[in-house]
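The values are calculated or read from the model by the stated rules, or taken from the named source; none is laboratory data. What you are looking at is a predicted structure, and each value in this text was computed from that prediction instead of being measured. Heads up, the Cβs are rebuilt from the backbone with ideal geometry, glycines too, and the neighbour counts pull from every protein chain shown.
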Amino acid sequence: MRYKRLEPAPLPDIGAYDEGLTGYVHGLEASDLEERFARALDNAGIDYQFQVPIDTAHTLPGEEKVVDFIVETGMPHPVEVDGEYSHKTSEQHEKDRERDAQINGALRDRGYSPVMRITYEELIDQDHADAVVLDTFA
């Protein structure tokens with residue numbers, strides 16, 4: 001008995017999903033996660049600043065720390081967006097904790113909330129980014 005070989009049907013061409021990311025927020029270079037977060041803030045009508053320099057007690061002149069976002073909702077909220085790889089190791093987590101403590105110390109007396117970290121899992125696509133912004137700031 002001879003079997004006829006069946007060829008698999010070709011997959012339909014649905015094209016690559018294009019979010020239309022530009023690589024910029026407010027004219028400054030941004031990661032895809034930062035841009036999604038900024039779009040989510042825009043979608044919710046929430047004001048923010050991007051890449052904000054902060055002087056801390058541990059900062060040398062001209063070497064200020066830069067906070068990814070300052071989200072304005074009555075009380076300013078410093079927000080750091082953590083990428084999948086650059087914030088994964090325990091050593092990086094410790095550096096992040098030290099950095100957050102320095103920034104919190106510099107901003108506490110100015111009425112800012114503590115640094116908030118948003119992870120790549122929360123910004124995996126625009127729907128997730130929109131949800132985290134609404135859950136956190138709206």
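Values computed for the structure shown
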item: Residue list for the range 113-131, filter: crowded, with 17+ Cβ neighbours inside 10 Å and of a type in the set (A, V, I, L, M); result: Val115, Ile118, Leu123, Ala129
item: Cβ pairs under 6 Å, 6+ apart, first in the range 107-123 and hydroxyl-bearing (Ser, Thr, Tyr), second part of a helix (DSSP H, G or I); result: Tyr120/Leu33
item: Strands (runs of 3 or more DSSP E) wholly inside the range 1-112 containing at least 3 residues that are touching a Cys at 6+ places or on another chain (Cβ under 7 Å) and modelled with pLDDT of 90 or more; result: none
item: The range 30-42 residues that are more than 12 Å from Glu122 (Cα to Cα), paired with ones that are among the acidic types (Asp, Glu) and in a helix (DSSP H, G or I) (beta carbon under 9 Å, 6 or more apart); result: Arg39/Asp130
item: Among (1) surrounded by 14 or more Cβ atoms within 10 Å (Cβ to Cβ); (2) free of Cβ contacts under 8 Å to residues at least 60 places away in the same chain; (3) among the hydroxyl-bearing types (Ser, Thr, Tyr), the one test that Thr73 misses; result: (2)
